Amino acid sequence: MIKEIVLMNGYGIYVLSAFSFTLISFAVLYLTIKFQLVREQIKFNRKFANLTSEKIESAKKQKLYREIIINTSTSKI
Amino acid sequence: MLNYFDPNKIFAFTSRAPKYVFFIFVITLTVGLLEALVLSPEDYIQSDSVRIMYVHVPSAWISLGIFTLIAILSFGSLFFKNKNFPIISKSLAPSGLVFNIIALVTGSIWGKPTWGTWWAWDARITSMLILAFFYLIYILAWRVFEKEEIKIKVSSIIAILGLVNIPIIKYSVDWWSTLHQPSSVNLLSKTSIDQSMLVPLAIMTAAFALFSFLIFLMKYNTELIKLKNKGLDRL
């Protein structure tokens, strides 16, 4: 059964390489975008931590900043 | 209506959604792979090589769909000056390019056992290659220019110009004599694929669409945080 699935009447090499290429492309794209996202989140946290208390209060009043702070997993604030 | 595209409102959703989308994507992809590689029947002419269709066709559809969406949004950002459309378009481009490359590579792998060649300068394949170049130029436009306004203008013009290529890709198999087979799945007329192959194709298309949505959400969040990082310097 497994041998049949792998060989696929002699077309296994083509079918499995097409599927492998697709899944590897997915993994590479996902990891690249995830890396970019985490890098920006870390940069944001570092900058935010260095703000004065007045600036932190002013940033927290803006909805988008609040959302970023809430949803940044690496946030310590 | 355009207020619905306000980043403040969208971020509340886009920041929470990826984990749920990822979960649904993994389940859909697992079912799709099982259907495509094991449960679906072989073709009476192409035998098991037909299984390549389950990754090739959804990739081609999604890359075409994403570019069309990018072009429509670019039109909106050029003429209605919506500030969020360029961010959405920019976030859609990476998955569009990757799906375009997957369609070209898997098509080439499929070509070897069915046509006896990895590549042919056939109208459908060449127009898909041109689409990949449009994606590349579009992404490069965001990187090359310094000023935000120029980036938006140039990338939007590229996307609108590239839109001309979409109907060429779609109808290339009807307009010219090509190696590539005509469409088997039609929304308006009768589909020539059997139900036993149509179901796995639909599941794989859903899985690929979910993946492109996941990548879009993550990239969109990255772009918004990047913008806000710049904003922190101005506080």
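Descriptive notes on the structure:
- Filtered residues of segment A:7-20 (kept if within 27 Å of the chain's Cα centre (by Cα) and more than 17 Å from residue B:114 (Cβ to Cβ)): A:20
- Subset of segment B:113-132 that is touching a Gly at 6+ places or on another chain (Cβ under 9 Å) and not in a loop (DSSP other than H, G, I, E, B) - its residue that is nearest to residue B:69 (Cα to Cα): B:131
- Every test in (1) at pLDDT 75 or above; (2) buried (at least 17 other Cβ atoms within 10 Å of the Cβ); (3) within 19 Å of the chain's Cα centre (by Cα); (4) more than 7 Å from chain B (Cβ to nearest Cβ) is passed by residue A:23 save one, and that test is (2).
- Residue B:195 vs. criteria farther than 21 Å from residue B:110 by Cα, more than 14 Å from chain A (Cβ to nearest Cβ) and surrounded by fewer than 15 Cβ atoms within 10 Å (Cβ to Cβ): yes
- Scanning segment B:34-57 for residues that are among the hydrophobic types (A, V, I, L, M, F, W, C) and either within 7 Å of chain A (Cβ to nearest Cβ) or touching a residue at least 24 places away in the same chain (Cβ under 8 Å) (or both) yields B:36, B:37, B:38, B:39, B:50, B:52, B:53, B:55, B:57.
- Among the residues of segment B:119-162, the one identified as among the basic types (Lys, Arg) and under 20 Å from residue B:103 (Cβ atoms) is B:124.
- Search result, residues across segment B:157-177 that are more than 17 Å from the chain's Cα centre (by Cα) and surrounded by 17 or more Cβ atoms within 10 Å (Cβ to Cβ): B:172, B:173
- For the residues B:95, B:63, the requirement of being in contact with a Ser or Thr (Cβ under 8 Å, 6 or more places away or on another chain), assigned to a helix (DSSP H, G or I) and of a type in the set (Ser, Thr, Tyr) singles out B:95.
The values are calculated or read from the model by the stated rules, or taken from the named source; none is laboratory data. Keep in mind that what you see is a predicted model, and the values were worked out from it rather than measured. Ideal geometry is used to build each Cβ from the backbone, glycine not excepted, and the neighbour counts take in all protein chains shown.
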